[in-house]
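The next block holds one structure in the form of structure tokens; read it before the comments.
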Amino acid sequence: MTHASTTTVLARRRRLGTVLIALAGVLFALWATMNGPVAAHAAEGDPYRVSGNVQLEGAPLEGVAITVDGPGGPQTVETDADGKWAVAVPERNADYTVTLDESTLPEGIAVVDESGEDTTPNVKEVHVGPGGRVSVNFFIGEGERHTTSFFDQLVERIINGLNFGLMLALASIGLSLVYGTTGISNFAHAEMVTFGALMAYLFSVVISLPIWVAIPIAVLLSAAFGYLLDTGLWRPLRRKGLGVVQLMIVSIGLSLALRYVFQMFIGGGTIQLPGSAPESLNLFGSVRLTWVDLTSMGVSIVVIVAFALWLQRSRIGKATRAVSDNPSLASASGIDVDGVVRVVWIVSGALAGLGGVLWAYFRPGIKWDMGSSILLLIFAAVILGGLGTAYGALIGSLIVGVLVEVSSLWIPADLKYVAALVILILILLFRPQGILGRRERIG
């Protein structure tokens, strides 16, 4: 080995060591603060609770649907034979929205407002205080029931689906690029999504930086995390000649390891980013979005457009597309394939980190396994659009996002993710290569 190559190897090792030390310091700081008095989670066997009664002139109403939304996501229950209901929630000192589904009330009965000032008496905002308990009761009587037309509901779900799809696209594009340039089906991509959300929490809540400063730092650290994974793990494994199946198994093991490391740091509860429960804005008809939703959609569109311009017009972007199309031919043409793959991992980590922050606001909340909850949808979007194509991942993500939200008009909310996977199977039966994928000859 020449002196120049030896110097280059030592320099790379020093850079890798610096990145490792920095990330270890960040993780230690997160662990130290999470094990202090900052986080407030529900205790095992003694969860915090939102409960209440639904009665009509003293008579209990059974089977009335109640939805409690807030930290930890929405939960729906039905009143029992005594008209009582209760929902366990993960946090105290937090705000929750309690909604009574008027369509489950008897005919001619509605939630009414005695003051005549509340336009949505079936929706109540409550605060779970230090005691961890709060009761919510609704005044039920004869009155006019306000319903939302099917068209208005459809429009609202489509807009929410586009918001979800744009967020999903940020994570899917990175996964698709990694597959296109390396052939790795990276199951640990879910933990890269979670990592971005955790870093945003560390710098915004624990270190108390403004959220508009914490998010760019989280994205940069996510990019560094992607670089570290490639330099410390995937590139050495590629050089040893491991096959696609072995690399996939390694990614599954890495995913499980990272997931439980995150759980060790933050526990099993849900933590919130600043501004995770803003007021809704009435845009038109029954469509209501928060300023966080609007900002999320705007940021997603700007980032995706910037990425598309980078991929189409920059030198490294063109090299990335060449490597994705044919790595061997790109290498023979003089393209530094290892350098391109390194950039792809950095970009993939940054996009996944930003997607994790937006997913934490969309849920809302951060959990140790939040990335894995949408991993199948990310893979569905990538496969639906066409493996290895960034634009295909974008189109697939938008389709999956809209299908997930719109399908809840007909099926229970708990099954809405299934609809997207069923559509994926049906489309692949007729177009196995995906929407923008290329048909390949085998044999």
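No value in this document is a laboratory result; all are computed from the given coordinates. The structure presented is a predicted model; accordingly, all values stated were derived computationally and were not measured. Using ideal geometry, Cβ is built from the backbone for each residue, glycine included, and neighbour counts are taken over all protein chains shown.
A few notes on this one:
- Restraint check, Lys240/Lys416; Lys240/Lys367; Lys318/Lys367; Lys367/Lys416, Cα-Cα greater than 31 Å: Lys240/Lys416; Lys240/Lys367; Lys318/Lys367
- Gyration tensor (alpha-carbon) shape descriptor, region 340-387, a/c threshold 1.5: oblate
- Judged by the mean number of other Cβ atoms found within 10 Å, the most tightly packed of the peptides 377-387, 178-188 leads the ranking 377-387, 178-188.
- Within the shell defined by Cβ-Cβ distances under 14 Å, the residues around Gly196 carry a net charge of +1, with Lys and Arg each +1 and Asp and Glu each -1.
- Of the peptides 304-312, 201-209, the ranking by mean beta-carbon count within 10 Å, highest at the top, reads 201-209, 304-312.
- Region 48-147: relative contact order as a whole-number percent, Cα under 8 Å and 6+ apart: 34 percent
- Highest average packing first - 213-222, 318-327, 361-370, 388-397, Cβ atoms within 10 Å: 388-397, 361-370, 213-222, 318-327
- Counted by Cβ distance under 15 Å from Val337, the other residues give a net charge of +3, where Lys and Arg count +1 and Asp and Glu count -1.
- Restricting the calculation to Cα atoms, every distinct pair contributes to the Kirkwood radius of region 48-147, found to be 13.7 Å.
- Cβ-Cβ distance of Val213 and Gln246, R₀ of 35 Å, FRET efficiency by 1/(1 + (r/R0)^6): the value works out to about 0.30.
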